[in-house]
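K.L.:
Structure below; questions to follow.
The values are calculated or read from the model by the stated rules, or taken from the named source; none is laboratory data. Note that the coordinates shown come from a computational prediction; the quantities given were computed from them, not determined experimentally. Positions of Cβ are generated from backbone atoms using ideal geometry, with glycine treated the same way; all protein chains shown enter the neighbour counts.
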Ligand code: SF4
């Protein structure tokens, strides 16, 4: 069975037109048309989700791959994704599912997903690979069920969502990795077709709502590889909490963007700059040993977690804090 499900967060306008209120695009959608994300469609004056339960990718992944470094480190999590996205990054690293609306999908009910997670001994479910916000109805149904079974819910998201649906999600989501793709609104509007302020608000609201938050910035050659911008991102995160982990990741040419991969030296320098403001900065998508992926206690310098690729070794972590000096590190374990 592959149900067509009425979408949430929309209003009726004249002439069977609707307005979707899920993300800040607030698309006005005429009968028979879809919104910017391509997966929420006006069917005779009713907005429906065309991707409810349509799973394009399903795998047990290390939680570090999300990336989440301070959320049950070393564990594996059932990860699922669908197709479509509400942003249009020309360098998308997952474009074959986020931008290809014909990507093969199989129907899996929320019950199926929770059962598979339990059978595989997963501690939770990660909604990832493409953008889970546009899968809102399915994520909510699955997350509710997962919570009842004692599982955690994780979202890996671009954070481009309106406050009301975000608040609902925060009732069930335990951890988020949120992309902060740039610190220039002009870049968000011109390149990713989104907006900076909404993403900043999501990061702040998720943190204030008690969700475990980590932030990722993909440093893209010619788009945001600017040291002032990197400093401003670190400053912004630090203003919320300097213990929020920041993943500074390397881009590789993909989809419609062909500039060379991010200069590793710039990436490493960005991490060093970030560490002047933040306690935990990690270099992503680089060979082991190229930029620092270990967790050290910011108070005494003790090696707390060592990482080689996706191999994670807990060295001196006690109750989520430093086993040597006792500093709380905010690591959920
Ligand atoms: S979720 Fe899709 S349809 Fe709704 S406002 Fe955003 S882009 Fe438009």
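K.L.:
Only residues that are away from the ligand (no atom under 11 Å from the Cβ), assigned to a strand (DSSP E or B) and over 19 Å from residue 132 (Cβ atoms): list them for region 39-63, please.
P.N.:
Answer for region 39-63, where residues must be away from the ligand (no atom under 11 Å from the Cβ), assigned to a strand (DSSP E or B) and over 19 Å from residue 132 (Cβ atoms): 43, 46.
K.L.:
Does residue 13 satisfy the condition of being surrounded by fewer than 16 Cβ atoms within 10 Å (Cβ to Cβ) and either within 26 Å of residue 213 (Cβ to Cβ) or within 16 Å of the ligand (Cβ to nearest atom) (or both)?
P.N.:
Taking the combined requirement at face value, the residue satisfies it.
K.L.:
Please go through region 22-38 and pick out each residue that is near the ligand (Cβ under 7 Å from one of its atoms), crowded, with 16+ Cβ neighbours inside 10 Å and touching a residue at least 60 places away in the same chain (Cβ under 8 Å).
P.N.:
Scanning region 22-38 gives 22, 23, 25, 36, 37.
K.L.:
Same structure, new question: Just to check your reading of the model, which residue among 197, 290, 302 is over 30 Å from residue 171 (Cα atoms) and at pLDDT 95 or above?
P.N.:
One residue alone meets the criteria, 302.
K.L.:
Step by step: first the residues of region 11-38, then only those that are assigned to a strand (DSSP E or B) and over 23 Å from residue 168 (Cα atoms), then the one that is farthest from the chain's Cα centre (by Cα). Which residue is that?
P.N.:
So the residue we want is 29.
K.L.:
Continuing with the same structure: Among 167, 148, 131, which is the only one that is more than 11 Å from the ligand (Cβ to nearest atom) and in contact with a helix residue (DSSP H, G or I) (Cβ under 8 Å, 6 or more places away or on another chain)?
P.N.:
After ruling out the rest, the residue left standing is 167.
K.L.:
Continuing with the same structure: Quick check, is residue 123 within 16 Å of the ligand (Cβ to nearest atom) and either surrounded by 23 or more Cβ atoms within 10 Å (Cβ to Cβ) or under 21 Å from residue 333 (Cα atoms) (or both)?
P.N.:
no
K.L.:
How many residues are in a loop (DSSP other than H, G, I, E, B) and buried (at least 24 other Cβ atoms within 10 Å of the Cβ) when one looks only at region 88-109?
P.N.:
Result for region 88-109: 1.
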